[in-house]
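Here, each number is a calculation from the coordinates, and none is a lab measurement. Source: prediction; values computed, not measured. Every residue, glycine as well, gets a Cβ built from its backbone with ideal geometry; the counts of neighbours run over all protein chains shown.
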Amino acid sequence: MATDIKEIIIQLDLHHLWIETIGEKGEKLGIDEIDLRDVDLCQYPLDQANITACTFDGMDLHDKDISSSLLCSSTFISANLEGADFGKSNVSYVNFTNADIKGARLTDSECIETVFVKADLSDANLVAGLFDGTDFREAILLNADIRLAMFERVLLNGAILTGICGIEEALIKSINIGTPEKPIMLMGKEARIWIQNNSLNKLNDE
């Protein structure tokens, strides 16, 4: 769908006003199937918005507040999201393939079938997140915090889990260390032990 940049800017301005006036003025942002790659989002808040099936691929959104938003089915492929805040957001079915998500906050986020393939989540805060069918294959979760997070059917084949913390406080229901086509499922205690063992792996010296 073609993007009318002027119309999007108007909606972003109205959303900014809506946030500043706590809903007294302006209008909450609600967009669907919009390619935002030609829109400069630097000065606009993206928290508390409904932004579904939109395209952010390759964009620089470091330290961006995208908390408490509905982002289902949007794509952030190869985007810079270092330090971004997705706290309490619904990022189910979102594609973060190859994204830089170092130090990002995903606390209390909902990640159903979210794709983090080859994404860098080093030092990310995943506390109390819901990860159901989430794809972390070949992702970097170096020193990530998973306290109180729930893992169910989470794909971890090839993921770097060195230094991951909060494993004992996480609810580990099941993980898949195979592929979607040929799953190798580990349940409960067995899954937790596998994650613990992999969190102790030394990083290969390059």
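Annotation for residue 190 and residue 60: the two label points, set 7 Å from Cα along the Cα-Cβ direction, are 4.8 nm apart. What net charge is computed for the residues neighbouring residue 167, neighbours being all others with C-beta under 12 Å from the C-beta of residue 167, Lys and Arg scored +1, Asp and Glu -1? With Lys, Arg at +1 and Asp, Glu at -1, the net is 0. Computed from the C-beta positions of residue 35 and residue 147 and an R0 of 25 Å, the FRET efficiency is 0.10 to the nearest 0.05.
Sequence-distant contacts, meaning Cα pairs under 8 Å at least 6 residues apart, place the relative contact order of the stretch 77-167 at 22 percent.
Any lysines with Cα under 25 Å of the residue 182 Cα? List them, leaving off those in the same chain fewer than 8 positions away. By straight Cα distance, residue 182 reaches 118, 173.
For residue 165 and residue 25, a Förster radius of 30 Å and the Cβ-Cβ distance give a FRET efficiency of 0.10, rounded to the nearest 0.05.
Write out the GluC sites (Glu not before Pro) in the stretch 1-53 meeting two conditions: DSSP loop, and at most 12 other Cβ atoms within 10 Å of their Cβ.
Passing both the DSSP loop test and the Cβ count: 24, 33.
So, in Å, what gap is there between the alpha-carbon centers of the stretch 1-60 and the stretch 73-97? Centre-to-centre distance over Cα atoms comes out at 15 Å. With helices as the sole contributors, the chain gives -4500 deg cm²/dmol at 222 nm; each DSSP H run of n ≥ 4 counts as -39500 (n - 2.57), and the sum is divided by every residue. Pull up the cross-link candidates among the aspartates and glutamates for residue 189, meaning alpha carbon to alpha carbon under 18 Å and not fewer than 8 places away within one chain. The reachable aspartates and glutamates, counting only those whose Cα sits under 18 Å from residue 189, are 132, 152, 168, 169.
Ignoring the sites themselves, the chain has its longest run without trypsin sites (Lys or Arg not before Pro) in a DSSP loop having at most 10 other Cβ atoms within 10 Å at 26-201. The angle between the Cα long axis of helix 188-199 and the longest principal axis of the Cα atoms of the chain comes to about 80 degrees, rounded to the nearest 10.
The angle between the Cα long axis of helix 5-20 and the longest principal axis of the Cα atoms of the chain comes to about 80 degrees, rounded to the nearest 10. Out of 112, 127, 155, whose Cα points farthest toward the positive end of the dipole of the stretch 107-157 (charges: +1 Lys, Arg; -1 Asp, Glu; placed on Cβ)? The listed residue farthest towards the positive side: 155. The computed Cα extents along the principal axes in Å for the structure shown corresponds, within (i) 48, 35, 31; (ii) 47, 41, 30; (iii) 52, 32, 30, to (iii). Under 5 Å between amide hydrogens, built in the peptide plane, is the criterion, and for residue 60 it picks out 80 among residues at least 5 positions away or on other chains.
Between residue 17 and residue 173, what length comes free when the chain is fully extended (0.36 nm per residue of separation minus the Cα-Cα distance, one decimal in nm)?
Value of the extension gain: 51.9 nm.
Each Lys or Arg adds one and each Asp or Glu subtracts one; over the other residues with Cβ under 15 Å from the Cβ of residue 132, this totals -3.
The GluC sites (Glu not before Pro) of the stretch 166-200 that DSSP puts in a loop, and whose beta carbon has at most 12 other beta carbons within 10 Å, are 181.
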